[in-house]
1. Since T234 meets every condition but one in (1) open to solvent by 20 Å² or more (accessible area, probe 1.4 Å); (2) within 29 Å of T117 (Cβ to Cβ), which condition does it not meet?
2. For region 36-45: of the residues being open to solvent by 40 Å² or more (accessible area, probe 1.4 Å) and within 21 Å of G377 (Cα to Cα), which is modelled with the highest pLDDT?
3. Return the residues of region 390-411 that are open to solvent by less than 30 Å² (accessible area, probe 1.4 Å) and either in contact with a helix residue (DSSP H, G or I) (Cβ under 9 Å, 6 or more places away or on another chain) or without any contact (Cβ under 8 Å) to a residue 60 or more places away in the chain (or both); say none if nothing qualifies.
4. Working carefully through the options L75, L48, L89, find the one that is open to solvent by less than 20 Å² (accessible area, probe 1.4 Å) and over 25 Å from the mean Cα position of the chain (by Cα).
5. So the check is Cβ under 7 Å with 6+ separation or different chains; which pairs have a first residue in region 262-279 that's modelled with pLDDT of 95 or more and a second one that's open to solvent by less than 50 Å² (accessible area, probe 1.4 Å) and in a helix (DSSP H, G or I)?
6. Name the residue that is farthest from W402 (Cα to Cα), counting only residues in region 128-161 that are of a type in the set (V, I, T) and modelled with pLDDT of 95 or more.
7. Could you list, in sequence order, the residues of region 180-194 that are more than 22 Å from W209 (Cβ to Cβ) and open to solvent by 10 Å² or more (accessible area, probe 1.4 Å)?
8. Taking interchain pairs and intrachain pairs at least six residues apart, which have beta carbon atoms under 8 angstrom, with the first residue in region 225-248 and over 19 Å from G156 (Cα atoms) and modelled with pLDDT under 95 and the second surrounded by 21 or more Cβ atoms within 10 Å (Cβ to Cβ) and aliphatic (A, V, I, L, M)?
Amino acid sequence: MKHRGRHRRRKQGRAVRAFLAGTALALTAAATMISASQATVGDNPGALEPLTRAADTGALSLHEQLVPQATLDELASRMGEPVGVRAVLESADRSLRGAAGCTATERAALPVAPAATRAYCWDAADTRTWRAGALTTSGDADDDGWWNDNRVLLAGWSQGTADRGLARVAFVDAGDLARLRYASALLVVPVDGGRDYRALPSRLSGMVWYQDKLLVTTADGLYVYDMDRVQRATVDSAAVGRVEGGWSAHGNRFVLPAVGSYRLTGGSAAPRLGAISLDRSTAPDSLVAGERTAADSDRHARLWRYDFSTDPARPGLLATDATAAAHAVEAYETEASGIRGLLSHRATGTDRSHWYLGRAPGATDRHGSLWRQDTDGAEATRCGSEEAPRCWGVQAGPLSYWEATGEVWSQSGGVLFAVPLDSIDRALA
């Protein structure tokens, strides 16, 4: 199936971009005074420190392991032919509330500065026992922002503990930004040679949809999903896997089976994987990753990137060597802790990438912070009479840049929102 369609919908794309460039919504967090007491002493993470020693970069290497084709074929033969993204969107029967329909508490979770230009709140009943943790869009999948004829947001949710729980992805139909609707698919892993599947139990901390693959970070590595292999569940029950009468997905109508995984090979020196995002400003396109640390930790975190493969036979997969290893092609250390959202982007006409870090609030803070770092230093968005840096979402979440519209999408708890990247840069200036 052909997905890359940058020349197919120019007029339609221009209309969408014109709509998105309209007057910003009056969306601000509830009046929040950011006092000097909320700003952590020594909060500035300073300049990025390049990591160039083999011992440092070697700890970031990943080993690729793909699910055998025979296993995937066996699962499809038992469950029926895969249905793909369109079928999930066509079944979308849950709605996100627009900003006006969000509660005061939900709106208070939004950034203070810069203000969100779009905001939506999830179906509270559907997400009550789930935790938001990852976000990507069809703007990552294809540089024109479309997946075939659909504009899509994908939001990852987890339930339970880090090693005993469930993970699912909400497929949001973003064709009409005034009326977002969604349906969910459970993330699973094929077992028994494709004769069954189990739930992906780990909490999601990051997600990137690139070409036909969805890469999802868990505590110990990356899982890979093929967006053309969405399968229908046939039994509505709390079970996961093959059951009497068919296939169950814990009440979800769809499942997405893993087609591969990447595991860190650095042993005790390897980081705990956290936020990831796509960077289209490099050649080739790259996946950037950040180390997950506690919000108040003194431990320095690592930031690094992997190249995506340019082999037409490996769409959406990382570049690997003859031993199936994906190596970090760039790495840094930052004094920042509690990184929950991450972007890397190189502005046109420059030769240096800026790294944008969404940091979780510390124990005494209400709001998180948003920093831009490079090898020269760091700047934060600031607000309040004290110009403190705690201005980002109450629950700092993932960052995903939609290149075709210039917007950065994120989540703060149960609130999905967008901020233009140029607004962020102006707030940082």
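1. If we test T234 against (1) open to solvent by 20 Å² or more (accessible area, probe 1.4 Å); (2) within 29 Å of T117 (Cβ to Cβ), just (2) comes out false.
2. N44
3. Residues satisfying the conditions are R390, C391, A396, S400, W402, A404, G406, E407, V408, W409.
4. The conditions single out L75.
5. That search, which allows pairs on different chains as well, returns L278/D140.
6. V152
7. Within region 180-194, V191, D192, G193 meet the criteria.
8. Here the result reads none, with nothing in region 225-248 linked to a residue that is surrounded by 21 or more Cβ atoms within 10 Å (Cβ to Cβ) and aliphatic (A, V, I, L, M).
The values are calculated or read from the model by the stated rules, or taken from the named source; none is laboratory data. On a predicted model such as this, the values are computed, not experimentally measured, just so you know. Because the Cβ atoms are built from the backbone with ideal geometry, glycine has one as well, and the counts that use them run over all protein chains shown. Surface areas here come from the heavy atoms of the whole protein model, side chains and all, with no ligands, DNA or RNA. Shrake-Rupley method; radii C 1.70, N 1.55, O 1.52, S 1.80 Å.
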